[in-house]
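The values are calculated or read from the model by the stated rules, or taken from the named source; none is laboratory data. Everything numeric here is computed off the predicted structure, so don't read it as measured data. Cβ atoms come from the backbone with ideal geometry, glycine included; neighbour counts cover every protein chain shown.
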Amino acid sequence: MVGGGAREHCIASVLARDDVELYTVMKNKNPGLAGLSTDLFLNSETEVDKVSAWAKDRGADMAVIGPEAPLEMGLVDALEDIGVKCIGPKQSCARLETSKSFTRDLLDRYKIPGNPKYRVFSTAKGMKEFMEDLGEFVVKDVGLCGGKGVKLSGEHLHTLDEGMDYAGQCMMKRGAVVVEEKFVGEEFSLQCLTDGKTIVGSPLAQDHKRLLEGDEGPNTGGMGSYSDADHLLPFLTQDDYDAALDITKRVCHAVRQETGNDYRGVMYGGFILTADGVKLVEFNARYGDPEVMNVLPLLETSLLELFEAVVDGRLREDMVKWSNLATVCKYVVPKGYGVKSEAGFPLEVDEAAISSTGSRLYYASVDERPDGLYTGTSRSLAVVGTDETISAAEKKAEAALAHVKGNIFMRHDIGTPEAIEKKVSRMRAIRPA
Ligand code: GLY
């Protein structure tokens, strides 16, 4: 396992249902992953040579790459060169996440639906006119920015000049910038597994990127997410799911034609349902964090067998079966997170009490010291309630949160009937039946 967050803790805990021997590379010691692992390598996950030498030394058969940064650095290419099969795409295929212009151009070239009006600029020539034509617009750093590279007019960019300034900064850093139409609607995540030819979907989930209740405040890595028992979301239909899956399938085949490589691993599409149907916000080349926690624990078949089928190129759609249950995931973060985290404070986690609520617990950025757990600067841990309805799952997650104490913050609105109803009525106004 490469990575030490709640996403990786969740993947590892589902893999651990089978007889796996787990070795984990992570920067900080995640106590959940440490408990599941035979051995740990506490090291940066992007030091490709060191990570692959360690994997070789431990005799690894397969590597699961959790975060995007090692994919960008070519860790999969290096591991495959020494015979370690990977859940995660090669560097050329990972451009689906690591280069925003690659993905927009790919959809355009292969006539795949879902793109906004967009242009990739390497100079400011014509940019202001394009922004004016669009009215509302988005400026995207072409590369990885940990979720902070996308700025929207009316939200982060209040004038055309602010838009031009930010685009200028992006061009200085990367040599290019994407300017595109701003979509209006509700976002959702479809996380698929693929061996490059067959694609299997999973239940949809909706993340909450804003720090504060009511979807206010600065963007974060994600404060929590929910999924529904029918694997759709309360504001969309099976046709919308099918449209997102169809885009994913077409993109997967386009990536093969473009790169000559099979994309092996996770294709996580960030979609938005608009008045004009399903549109693509972005693709990620790994599971969503938090959305993986809504989905993988519901898998009734073996994740290990699925991963083996992916790396061997023999994935079949009938290999996945999901429980018909709803989930609500809520992250606990250090106070100040999203602005300036107050890190290094003791964190009290009553694991037994959380387990007695029927919720799951996944550790993220916590530091395990001899005298207990301490918060890091990033998200600390997540709890996931599972039940027959979103509302019942939400109550379970809330019951679990009562057993986490410290200098912490969390959103209590995620998954509540009021919050869900707001999304449904917003979508109804955007796209009347
Ligand atoms: N849920 C946001 C992300 O994983 O990028």
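Give the residues of the stretch 316-355 that are among the acidic types (Asp, Glu) and under 13 Å from residue 401 (Cβ atoms), sorted by residue number. Write out each step before concluding.
So in the stretch 316-355, the residues among the acidic types (Asp, Glu) come out as 317-318, 342, 348, 350-351.
Scanning the stretch 316-355 gives 348, 350.
Return the residues of the stretch 114-152 that are part of a strand (DSSP E or B) and of a type in the set (Asp, Glu); say none if nothing qualifies. It would help to see each step written out before you state the result.
Here is the first cut: in the stretch 114-152, the ones part of a strand (DSSP E or B) are 118-121, 137-141, 150-152.
Residue satisfying the conditions is 141 alone.
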- Out of all the residues in the stretch 244-265, which are of a type outside the set (S, T, N, Q) and crowded, with 20+ Cβ neighbours inside 10 Å? 244, 247, 251, 252, 255, 263, 264, 265
- Item | Qualifying position, being within 16 Å of the ligand (Cβ to nearest atom), in contact with a Ser or Thr (Cβ under 6 Å, 6 or more places away or on another chain), at pLDDT 95 or above and over 23 Å from residue 297 (Cβ atoms), among 96, 71 | 96
- Message: Need pairs with beta-carbon distance below 7 Å; first residue at pLDDT 90 or above and within the stretch 363-375, second among the hydrophobic types (A, V, I, L, M, F, W, C) and part of a loop (DSSP other than H, G, I, E, B); sequence gap 6+ or separate chains.
- Response: 374/345; 375/343; 375/345
- For the stretch 278-388, please list each of the helices (runs of 4 or more DSSP H) lying entirely inside it that holds at least 2 residues being surrounded by fewer than 22 Cβ atoms within 10 Å (Cβ to Cβ) and within 16 Å of the ligand (Cβ to nearest atom). none
- Message: Six or more apart or on different chains, Cβ atoms under 7 Å: show the pairs whose first residue is in the stretch 139-165 and over 17 Å from residue 118 (Cβ atoms) and whose second is within 16 Å of the ligand (Cβ to nearest atom).
- Response: 144/68; 144/69; 144/72; 144/98; 147/219; 147/221; 148/219
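Considering only the stretch 239-260, I want to know if a residue exists there that is within 13 Å of the ligand (Cβ to nearest atom), of a type in the set (S, T, N, Q) and touching a strand residue (DSSP E or B) at 6+ places or on another chain (Cβ under 8 Å).
Filtering the stretch 239-260 down to residues within 13 Å of the ligand (Cβ to nearest atom) leaves none.
Checked against the condition, which is being within 13 Å of the ligand (Cβ to nearest atom), of a type in the set (S, T, N, Q) and touching a strand residue (DSSP E or B) at 6+ places or on another chain (Cβ under 8 Å), the stretch 239-260 yields no hits at all.
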- Message: As an exercise: evaluate residue 268 against (1) of a type outside the set (Asp, Glu); (2) within 15 Å of the ligand (Cβ to nearest atom); (3) surrounded by 23 or more Cβ atoms within 10 Å (Cβ to Cβ); (4) part of a loop (DSSP other than H, G, I, E, B) and give the number of the one condition it does not meet.
- Response: (4)
- Task: Could you check how many residues of the stretch 203-220 are surrounded by 23 or more Cβ atoms within 10 Å (Cβ to Cβ) and more than 14 Å from the ligand (Cβ to nearest atom)?
- Result: 1
- Message: Just to check your reading of the model, which residue among 313, 269 is of a type outside the set (Lys, Arg), touching a residue at least 24 places away in the same chain (Cβ under 8 Å) and at positive phi?
- Response: 313
- Name the pairs: first residue in the stretch 1-22 and more than 16 Å from residue 70 (Cβ to Cβ), second residue among the acidic types (Asp, Glu) and within 16 Å of the ligand (Cβ to nearest atom), Cβ to Cβ under 8 Å, at least 6 apart or on different chains? 6/289
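This table checks each residue for (1) outside any helix (DSSP H, G or I); (2) in contact (Cβ under 8 Å) with a residue 24 or more places away in the chain; (3) in contact with a helix residue (DSSP H, G or I) (Cβ under 6 Å, 6 or more places away or on another chain); (4) under 24 Å from residue 304 (Cα atoms).
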{"position": "41", "(1), (2), (3), (4)": "yes, no, yes, yes"}
{"position": "44", "(1), (2), (3), (4)": "yes, no, no, no"}
{"position": "49", "(1), (2), (3), (4)": "no, yes, no, no"}
{"position": "53", "(1), (2), (3), (4)": "no, no, no, yes"}
{"position": "59", "(1), (2), (3), (4)": "yes, no, no, yes"}
{"position": "89", "(1), (2), (3), (4)": "yes, yes, no, yes"}
{"position": "96", "(1), (2), (3), (4)": "no, yes, yes, no"}
{"position": "103", "(1), (2), (3), (4)": "no, yes, yes, no"}
- Task: Collect the residues in the stretch 175-223 that are among the acidic types (Asp, Glu), within 22 Å of residue 235 (Cβ to Cβ), part of a strand (DSSP E or B) and modelled with pLDDT of 95 or more, keeping them in residue-number order.
- Result: 181, 186, 187, 207
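Residues checked against (1) in contact with a Phe, Trp or Tyr (Cβ under 8 Å, 6 or more places away or on another chain); (2) surrounded by fewer than 24 Cβ atoms within 10 Å (Cβ to Cβ):
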position: 10; (1), (2): yes, no
position: 38; (1), (2): yes, yes
position: 68; (1), (2): no, yes
position: 80; (1), (2): no, yes
position: 84; (1), (2): no, yes
